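What follows is a single structure, written as structure tokens, with notes after it.
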Amino acid sequence: MATNDNLGTFEQIILTSLVILGENAYGATVHEKVEELAEGSRSIGSVYTTLDRLEQKGYVKSWFGDPTPERGGRSKRFFEITGAGQKVLQQAMKVADNMVTGLREIGGLV
Amino acid sequence: VTEDSSHIQRNFKNPEHAQKYAWLWLKSIERKISEGSTEDFGPWIKDLKRLHDSPEKLMEVGEANELVLRHIDRLAMSSFVTDFAGACGEAPQRVKDCPPSAAEFLFYVFLTPANCDALVGDLEERYKIIRKRFGARRANFWYLVQVITSVGPIVWAATKRLLKAVSGLAVLVDVWRRLRS
């Protein structure tokens, strides 16, 4: 597991979505939340491949729920952020916060 | 009469056919259970029994039956549908508010079945919401855009996995050659 990994912007958005959604984080809701946070359309394929990558890094864990009639008998794949994921997201937030503070100090951009 | 029930009437012009369809599926499920299938057929057995017991009444109802029909259509093997069509002279058609299916097979090529099932289920879930809010045309367009834009990242991820495996194999071959020489 990478301990000093730099998260990409899309990875940060996805991890943030998982934190916001909590127990209701599965493919469709994560995709919807990502589009809301990113303020634009994103493909569900890119969401899934990023979630797979984050799972390989140990930042996310996933499991399959029971099939439901609402989805034509298909299962949901639920996702949850791990402790390592929370840690790396906090680190990324801290860096972003430092950048905002730095820009505010010189009165630029923000 | 809703759009949904008209779909069911279009699928089964004759109530006896709907009844036969349900009966054949009940038999098929019973066989699967006797063969030791672990899939939970409970809800489908209940709905199929309802369909079997009162097909005329059920044909007047909408969405709930459509979900049952969609599920059994999905489970249906092409041979079963052909046999049914031969026996009754009509075949169950594709449910009208299903997303376009032609693109789904692309996911099945590059993803594991469970992962693919979840992804297609997510797409179908959001498709239904968009269709309800904005209509079929927009929902179809959204679905196709999602499929087309999703293929790229999925294929790329699969290619990277393959390249990793190949490069790992190349390293092993190299080590083996060095050991031999």
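All of the numbers you see were taken from the coordinates with simple rules; none came from a lab. Fair warning: this is a prediction, and the values are worked out from it, not measured in the lab. Methodologically, a virtual Cβ is constructed for each residue, glycine included, from the backbone with ideal geometry; neighbour enumeration extends over all protein chains shown.
Key figures for this structure:
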{"read-out": "Protection proxy ranking of A:29-41, B:163-175, B:118-130 - average other beta-carbon atoms within 10 Å, highest first", "value": "B:118-130, A:29-41, B:163-175"}
{"read-out": "Over 25 Å between alpha carbons, listed pairs A:LYS33/B:LYS128; A:LYS87/B:LYS160; A:LYS33/B:LYS160; A:LYS76/B:LYS132; A:LYS33/A:LYS57; A:LYS57/B:LYS164", "value": "A:LYS87/B:LYS160; A:LYS33/B:LYS160"}
{"read-out": "On Cα atoms only, tilt of A:9-21 relative to the major axis of chain A in degrees", "value": "60 degrees"}
{"read-out": "Low-density loop cleavage sites - chymotrypsin sites (Phe, Trp or Tyr not before Pro) in the range B:129-180, where at most 16 other Cβ are within 10 Å (DSSP)", "value": "none"}
{"read-out": "Structure-based [θ]222 nm, chain A - -39500 (n - 2.57) summed over DSSP H runs of at least 4, per residue, nearest 500", "value": "-18500 deg cm²/dmol"}
{"read-out": "Dipole moment magnitude, nearest 20 debye, chain A about Cα centre, only Lys, Arg, Asp, Glu C-beta charged", "value": "200 debye"}
{"read-out": "Cα lying deepest toward the dipole's positive end in chain A, options A:ILE106, A:THR16, A:TYR59, charges on Cβ", "value": "A:TYR59"}
{"read-out": "Angle in degrees between helix A:27-38 and the longest Cα principal axis of chain A, rounded to the nearest 10", "value": "20 degrees"}
{"read-out": "Label-point separation in nm, A:GLN90 to A:TRP63, each point 7 Å along Cα→Cβ", "value": "2.4 nm"}
{"read-out": "Estimated distance in nm for a label pair at B:LEU163 and A:ASP5, the labels positioned 7 Å out from Cα along Cα-to-Cβ", "value": "1.8 nm"}
{"read-out": "Along principal axes, Cα extents of the range A:12-108, largest first, whole Å", "value": "56, 28, 20"}
